[in-house]
Amino acid sequence: MPTPPPVRLADINIESYIYFGAGAAVAWQLAYPGVGRGVARHSQTLRRPFSRLRATMSYIYAVSLGTDEDRATIARHVNRAHVPVQGEGYNAFDRDLQLWVAATLHRGGLEMHELFVGPIPAASREPLYREAWAFGSTLQVADDQWPATADAFDAWWESRQVELCVDEEVRTYLHAVLGNGAPWYLRPALPLQAFVTRALLPPQVRQMFALPWTAKDERRWARFRRWAPRLYWLQPRWLRHLPARYFLRELRRQTA
């Protein structure tokens, strides 16, 4: 049997299928109390949805697809935006909170790759995990904060589940994001995004956010998993990669 080609961070994040995991990544981030409070109280998502989308995706693309200059540029932007994000129980420069957010980006990418492509080949697992450290080290997270191996990361992730807690403020915020937290031209896709978000979250996290899930939803999710990858790979490469190229180009234009 031929050895599968290696999978790199760029191979995952250049694909537009990662957008299907965006809502679940946000929910995981919000479920960690310090992150949840900071985002619910300071995020511009509901007031300026496209600006928030651009900032988040520019960060993901700069880290995984960009140059050192791109990463330095986005780090300056994010650090500047983080200055006012502090309060009781949270600070955007808290390295542990940043590690949690970075971990959700890594884990979300793996989940989307498995859904649309398949499991990560064993030989790629450790190199890909090491690449993902850049989601944190581009800001303030030190490499030695990350669990040493991919297996250790999985154990660390499970150990953090007992720390998750969602209050009414954060719960209300996520419902608002899933209800109208997108630019007007993307809002027709919000029902599908909200459905996939609910599907990707485990039952205990859905319960924290008071997100419903029924037997009918489970059947719909089975159909989605069967058909969405097939339809996605029918799209031409230029279209699948267009968002990544657009947001990177816009980032570079700001510093030209």
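The values are calculated or read from the model by the stated rules, or taken from the named source; none is laboratory data. Quick caveat, the model's predicted, so the values are computed rather than measured. Positions of Cβ are generated from backbone atoms using ideal geometry, with glycine treated the same way; all protein chains shown enter the neighbour counts. The accessibility values were calculated without ligands, DNA or RNA, using every heavy atom of the protein model including side chains. Shrake-Rupley method; radii C 1.70, N 1.55, O 1.52, S 1.80 Å.
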Per residue, in Å², the accessible surface of the chain once ligands and nucleic acids are set aside, probe 1.4 Å: 52
How large a share of the accessible area of the chain, in percent, is made up of carbon and sulfur atoms when the probe is 1.4 Å and the other protein chains stay in place? 58
How many angstrom lie between the Cα centre of the range 203-238 and the Cα centre of the range 51-91? 29
What's the extension gain from residue 172 to residue 239 if we count 0.36 nm per residue and subtract their Cα-Cα distance? 20.7 nm
In Å², nearest 10: area of residue 192 left accessible to a 1.4 Å probe: 80
Tell me, in nm to one decimal, what length is gained between residue 160 and residue 79 on full extension, where the rule is 0.36 nm per residue of separation less the Cα-Cα distance? 26.6 nm
Packing-based order for 32-39, 172-179, using average beta carbon neighbours within 10 Å, highest first: 32-39, 172-179
Would you mind classifying the chain by shape? Square roots of the alpha carbon gyration tensor eigenvalues, ordered a ≥ b ≥ c; an a/c under 1.5 is rounded, otherwise it is prolate if a/b is larger than b/c and oblate if not. rounded
Relative contact order of the range 99-256: what whole-number percent is it, with Cα pairs under 8 angstrom and at least 6 residues apart? 18
Residue-level accessible surface for residue 82, protein heavy atoms, 1.4 Å, Å²: 50
